[in-house]
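The values are calculated or read from the model by the stated rules, or taken from the named source; none is laboratory data. None of the values given here were measured: they were computed from a predicted structure. Cβ atoms come from the backbone with ideal geometry, glycine included; neighbour counts cover every protein chain shown. Remember, those area values only see protein heavy atoms, side chains included, never the ligands or the DNA or RNA. Shrake-Rupley method; radii C 1.70, N 1.55, O 1.52, S 1.80 Å.
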Amino acid sequence: MKILLSTTSYQDTPGPHHELLATFGAEIHQERGPLSEEQMLALAGQFDALLCGDDALTRPVIESSLPRLKVIAKYGIGVDKIDVACATEHGIPVSYTPGVNHTTVAEHVFALLLGLQKNLVQQAHATASGQWARQTGREIFGKTMGIIGLGRVGQEVALRARAFGLTCLGYGNHWPEAFCRTHQVERRRELRQLLRESDIISLHTHLTPATHHLLNAETLREVRPGAVLLNCGRGELVETGSLLAALESGQLAGYGADVLDQEPPSPDHPLLGAKNCLLTPHVGSRTHESVQRQAAMATENLLRLLQGKKPLAQVNDVPPPPPFLPV
């Protein structure tokens, strides 16, 4: 049995997941993802199972991996890079790891927010180079945060926002009524209304055809002038050209993001070095604690599927393959 392991944080972080994976007795081939469609096609057909991150598992990749490929175990919660319909069509179960990284992603949202509002990165770099270049920042206390997507991460963001003294507005199809009532999150049924009322906007909705470029030239015109936009969801939720125009005009005072529409970005990506733009390399869920939780769950999912059992969490309704490993 041969398994492709492509998620770098899994590989780079010590923890019991390595020992568990070693017990499979399989040949583990490691790559440094996220892998492009071209890279995945070059590897297709060599593996019985994939333990993947945000690699491009498109229809051509999945179909080129047949008939050998039997299992896809996603490390993480976003499956927009996986053609789940194609996997389902070919009887390949796709597992994932919900509920393991919402705390650390929510913390990262506030790292980005405070970094922008306090001009933290510029002033730290200036001080390290011997300059004493003080800038005047802005408080977040008393401001209004609009949260788009009230799943696990969005709820964790709301908890921290309330602790910082922010008023919280929420928008999305999923509405956790009891949580929002307890923690005073006010619902806005129209996206434009939330954008007009928010000083800070934080994106936590899934990437789907309906949410692709959710924030574009038209919707960004509705944003309260001088607002800050945060994106720890997916880069493709925001249309890059319109975002740059909003930053240049001052419609947006800042953009803090842990995700891009191209990862890793090309050297000429327009957001690199953009005005009032603070970017991190998709590390919002990359803490020692979170990586170990994600990796343990992803590996346990893979183990269960290879034993012919249901995983802890699965995206599609496909039965496990005949057992590869003894129970």
Scan L191, L220 and give me the residue that is under 12 Å from I148 (Cα atoms), in contact (Cβ under 8 Å) with a residue 12 or more places away in the chain and not β-branched (V, I, T). L191
List the residue pairs whose Cβ atoms are under 8 Å apart, where the first residue sits in the range 144-171 and is within 17 Å of R189 (Cβ to Cβ), the second is assigned to a helix (DSSP H, G or I) and basic (K, R), and the two are 6 or more positions apart or on different chains. C168/R162
With respect to the numbered conditions (1) of a type outside the set (A, V, I, L, M); (2) under 30 Å from A217 (Cβ atoms); (3) open to solvent by less than 30 Å² (accessible area, probe 1.4 Å), which one is the sole condition not fulfilled by P311? (2)
Hey, which of the helices (runs of 4 or more DSSP H) in the range 118-185, taking only ones fully inside, have at least 1 residues that are of a type in the set (D, E, K, R)? 152-163, 177-182
For P320: the one exception among (1) open to solvent by less than 10 Å² (accessible area, probe 1.4 Å); (2) assigned to a loop (DSSP other than H, G, I, E, B): (1)
Taking the residues in the range 45-88 that are out of contact with any helix residue (DSSP H, G or I) (no Cβ under 9 Å at 6 or more places or on another chain) and free of Cβ contacts under 8 Å to residues at least 40 places away in the same chain as candidates, determine which candidate is nearest to H212 (Cα to Cα). L66
Extreme residue, nearest to L260 (Cα to Cα), among residues of the range 1-39 that are touching a residue at least 40 places away in the same chain (Cβ under 8 Å) and within 18 Å of the chain's Cα centre (by Cα): P34
Using the structure shown, decide if T211 is crowded, with 19+ Cβ neighbours inside 10 Å and closer than 23 Å to D54 by Cβ. yes
Quick check: anything in the range 44-54 part of a helix (DSSP H, G or I), open to solvent by less than 20 Å² (accessible area, probe 1.4 Å) and not basic (K, R)? no
When the residues of the range 126-148 are narrowed to those that are more than 32 Å from the chain's Cα centre (by Cα) and of a type in the set (G, A, S), which ends up farthest from P176 (Cα to Cα)? G130
Of the conditions (1) in a loop (DSSP other than H, G, I, E, B); (2) touching a residue at least 24 places away in the same chain (Cβ under 8 Å); (3) not charged (D, E, K, R), the single one that A210 does not satisfy is (2)
Going through the range 239-274 in order, the residues found to be in a loop (DSSP other than H, G, I, E, B), in contact with a strand residue (DSSP E or B) (Cβ under 9 Å, 6 or more places away or on another chain) and either loosely packed, with under 15 Cβ neighbours inside 10 Å or of a type in the set (A, V, I, L, M, F, W, C) (or both) are V259, L260, L271, L272, A274
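Conditions tested, residue by residue: (1) touching a Gly at 6+ places or on another chain (Cβ under 9 Å); (2) surrounded by fewer than 13 Cβ atoms within 10 Å (Cβ to Cβ).
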residue: L112; (1), (2): yes, no
residue: N119; (1), (2): yes, no
residue: A128; (1), (2): no, yes
residue: R138; (1), (2): no, no
residue: F141; (1), (2): yes, yes
residue: M145; (1), (2): no, no
Need the failing condition index for E300 against (1) under 19 Å from P93 (Cβ atoms); (2) surrounded by fewer than 16 Cβ atoms within 10 Å (Cβ to Cβ), just the number. (2)
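Do you know which of the residues in the range 223-235 that are open to solvent by less than 30 Å² (accessible area, probe 1.4 Å) and without any contact (Cβ under 8 Å) to a residue 60 or more places away in the chain is nearest to E156 (Cα to Cα)?
N231
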Taking the condition modelled with pLDDT under 95, open to solvent by less than 50 Å² (accessible area, probe 1.4 Å), more than 23 Å from L279 (Cβ to Cβ) and among the aliphatic types (A, V, I, L, M), does V79 pass? yes
